[in-house]
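Asks: Before I ask anything, here is the structure I am working with.
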Amino acid sequence: MTNSGVLLVNLGTPDAPTPAAIRPYLREFLSDRRVVDLPRWLWLPVLYGVILPLRPRTLAPMYARIWRADGSPLLAITRELRAALASALSMPVAEGMRYGRPGIAAGAAELREVGVERLVVLPLYPQYSDTTTASAFDGVDQALRALGWQPQQQRIEEYHADEHYIAALAGSVREHWSAHGRGERLLMSFHGIPERYVARGDPYGGQCQETARRLAAALQLAGGDWQLCYQSRVGKAAWLGPYTDEVIPQLARDGMRRLDVICPGFAADCLETLDEVAIRYAGAFVAAGGEALRYVPALNARPAHVDALARRVRAHLHP
């Protein structure tokens, strides 16, 4: 019988919450043509002349606010998810970060060393985008070539409408409501991408909308009880909207007092959820007149999340 294994791919993280550690991570991330599609002659002077000298110093205190005793939240949670998934599947599971360490090659090498012959590649991005999922597969291809290893492969491209993933999200919201009471609206905030990517065929925006609709239906929410928006935009180009950083203070100005926010596109909590949403956007909501913005944590290593991913893997191994 062919030995199977799973390679979890996540975005990545700096090694430490310091400018010196953030700079090489940011350089690798922003040098990816899938992430920034501008001509190199235009983009590289901005990257090396403006962003890399300045941005790491801005990001360092944000990372420091969320850093755990065991390191980066994204990496620590990915490892927790890896261990739980390996137990659920009774097969080897390794993690690889698209940027930073441990890299995809390290995870692939780990699986090769234990005799894996059939590889399931699972990027931890529920909604497909060229900027994330396709880049993860680029990284896998590069790693396997460098290792000289060509196992059989099954690639999970997305699970944005998977019933078990939606059920896990809905369960996490209900648990949050049970513990903290129900806010006046559930805001579903997804990471944004430039509109030009969608215009040329990237399905990400449509998949985010489908996830949001299915989650709202699972929670039996009326139209005015929930809203979709997009966060983390940078630069002056048009990104998918509406923008989370504009929606949140406007809701407070319109009289909303308690707001719940979930980020269904993030499998594991990270800088964009723990700092951007739970700290900075929460502060903006209160500053604009709201009482409390309550962040609903990512699915992380919740049993329902592990079960949903395990089912997805099994379906690819035994179609």
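The values are calculated or read from the model by the stated rules, or taken from the named source; none is laboratory data. Everything numeric here is computed off the predicted structure, so don't read it as measured data. Here Cβ is always computed from backbone atoms with ideal geometry, including for glycine, and neighbour counts include all displayed protein chains. Please note that ligands, DNA and RNA were not included when accessible areas were found on the heavy atoms of the full protein model with its side chains. Shrake-Rupley method; radii C 1.70, N 1.55, O 1.52, S 1.80 Å.
Asks: May I ask you to list the residues in region 77-95 that are in contact with a helix residue (DSSP H, G or I) (Cβ under 9 Å, 6 or more places away or on another chain) and surrounded by fewer than 18 Cβ atoms within 10 Å (Cβ to Cβ)?
Replies: Within region 77-95, SER87, ALA88 qualify.
Asks: Across region 239-271, which residue is most open to solvent (accessible area, probe 1.4 Å) among those that are in contact with a Cys (Cβ under 7 Å, 6 or more places away or on another chain) and not in a loop (DSSP other than H, G, I, E, B)?
Replies: Of the residues in region 239-271, the ones in contact with a Cys (Cβ under 7 Å, 6 or more places away or on another chain) are 242-244, 247, 265.
Remaining after also requiring not in a loop (DSSP other than H, G, I, E, B): 243-244, 247.
Details: TYR243: 44, THR244: 0, VAL247: 17 Å².
Checking each candidate, the answer is TYR243.
Asks: Ok, one more. Let me confirm something: among PRO56, PRO24, which residue is open to solvent by 40 Å² or more (accessible area, probe 1.4 Å) and either assigned to a helix (DSSP H, G or I) or over 30 Å from LEU85 (Cα atoms) (or both)? Explain how you work it out, then say what you get.
Replies: Details: PRO56 fails: open to solvent by 40 Å² or more (accessible area, probe 1.4 Å).
Exactly one residue qualifies, and that residue is PRO24.
Asks: Moving on. Confirm whether TYR295 is crowded, with 17+ Cβ neighbours inside 10 Å and more than 20 Å from SER178 (Cα to Cα).
Replies: Values: crowded, with 17+ Cβ neighbours inside 10 Å: yes; more than 20 Å from SER178 (Cα to Cα): no.
When the stated conditions are applied, TYR295 does not pass them.
Asks: Another question, then. Can you tell me which residue among LEU8, LEU74 is open to solvent by less than 20 Å² (accessible area, probe 1.4 Å) and either assigned to a helix (DSSP H, G or I) or modelled with pLDDT under 95 (or both)? Steps first, please.
Replies: Details: LEU8 fails: either assigned to a helix (DSSP H, G or I) or modelled with pLDDT under 95 (or both).
It is LEU74.
Asks: Among the residues of region 228-238 satisfying the criterion of being open to solvent by 20 Å² or more (accessible area, probe 1.4 Å) and within 18 Å of GLY206 (Cβ to Cβ), which is nearest to the chain's Cα centre (by Cα)?
Replies: Out of the qualifying residues, it is LEU228.
Asks: Just give me the residues in region 272-292 being among the small types (Gly, Ala, Ser) and either buried (at least 20 other Cβ atoms within 10 Å of the Cβ) or on the phi > 0 side of the Ramachandran plot (or both), in sequence order.
Replies: Taking region 272-292 first, the residues among the small types (Gly, Ala, Ser) are 278, 282-284, 287-290, 292.
Across region 272-292, the qualifying residues are ALA278, GLY289, GLY290.
Asks: I'm checking my understanding of the structure. Among residues of region 199-217 that are of a type in the set (A, V, I, L, M, F, W, C) and over 15 Å from GLU158 (Cβ atoms), which one is most open to solvent (accessible area, probe 1.4 Å)? It would help to see each step written out before you state the result.
Replies: Applying the first criterion (of a type in the set (A, V, I, L, M, F, W, C)) to region 199-217 yields 199, 208, 212, 215-217.
With the extra rule that they be over 15 Å from GLU158 (Cβ atoms), the set shrinks to 199, 215-217.
Numbers: ALA199: 91, LEU215: 0, ALA216: 4, ALA217: 69 Å².
Checked region 199-217; the qualifying residue most open to solvent (accessible area, probe 1.4 Å) is ALA199.
Asks: Would you be able to say whether some residue in region 130-147 is more than 21 Å from the chain's Cα centre (by Cα), farther than 30 Å from ALA199 by Cβ and assigned to a loop (DSSP other than H, G, I, E, B)?
Replies: no
Asks: Kindly list, by first and then second residue, each pair from a residue in region 231-255 that is among the β-branched types (Val, Ile, Thr) to a residue that is open to solvent by less than 40 Å² (accessible area, probe 1.4 Å) and at pLDDT 95 or above, limited to pairs with Cβ atoms under 6 Å and residues at least 6 apart or on different chains.
Replies: Pairs that qualify, where the first residue is among the β-branched types (Val, Ile, Thr) and the partner is open to solvent by less than 40 Å² (accessible area, probe 1.4 Å) and at pLDDT 95 or above, are THR244/SER189; THR244/CYS229; THR244/GLN231; VAL247/CYS229; ILE248/TYR281; ILE248/ALA284; ILE248/PHE285.
Asks: So which of GLU95, GLU110, GLU117, GLU163 ends up being touching a Gly at 6+ places or on another chain (Cβ under 6 Å), among the acidic types (Asp, Glu) and more than 27 Å from ARG200 (Cβ to Cβ)? Let's see the steps before the verdict.
Replies: Details: GLU110 fails: touching a Gly at 6+ places or on another chain (Cβ under 6 Å); GLU117 fails: touching a Gly at 6+ places or on another chain (Cβ under 6 Å); GLU163 fails: touching a Gly at 6+ places or on another chain (Cβ under 6 Å).
After ruling out the rest, the residue left standing is GLU95.
Asks: Does ARG98 fit the bill of being over 16 Å from ALA21 (Cβ atoms), touching a Phe, Trp or Tyr at 6+ places or on another chain (Cβ under 9 Å) and open to solvent by 50 Å² or more (accessible area, probe 1.4 Å)?
Replies: Numbers: over 16 Å from ALA21 (Cβ atoms): yes; touching a Phe, Trp or Tyr at 6+ places or on another chain (Cβ under 9 Å): yes; open to solvent by 50 Å² or more (accessible area, probe 1.4 Å): no.
So ARG98 does not fit the description; no.
Asks: State whether one or more residues within region 168-183 are surrounded by fewer than 20 Cβ atoms within 10 Å (Cβ to Cβ) and in a loop (DSSP other than H, G, I, E, B).
Replies: The answer is yes, given that some residue of region 168-183 is surrounded by fewer than 20 Cβ atoms within 10 Å (Cβ to Cβ) and in a loop (DSSP other than H, G, I, E, B).
Asks: Give me a count of the residues in region 30-50 that are part of a helix (DSSP H, G or I) and buried (at least 17 other Cβ atoms within 10 Å of the Cβ).
Replies: At the first step, the residues of region 30-50 found to be part of a helix (DSSP H, G or I) are 30, 40-50.
Applying the additional criterion that residues be buried (at least 17 other Cβ atoms within 10 Å of the Cβ) yields 30, 47.
Count: 2.
Asks: Select from region 110-135 the residues that are without any contact (Cβ under 8 Å) to a residue 40 or more places away in the chain and under 26 Å from ARG68 (Cβ atoms) and list them in ascending order.
Replies: The initial filter retains those residues of region 110-135 that are without any contact (Cβ under 8 Å) to a residue 40 or more places away in the chain, namely 110, 112-113, 133.
Result: GLU110, single match.
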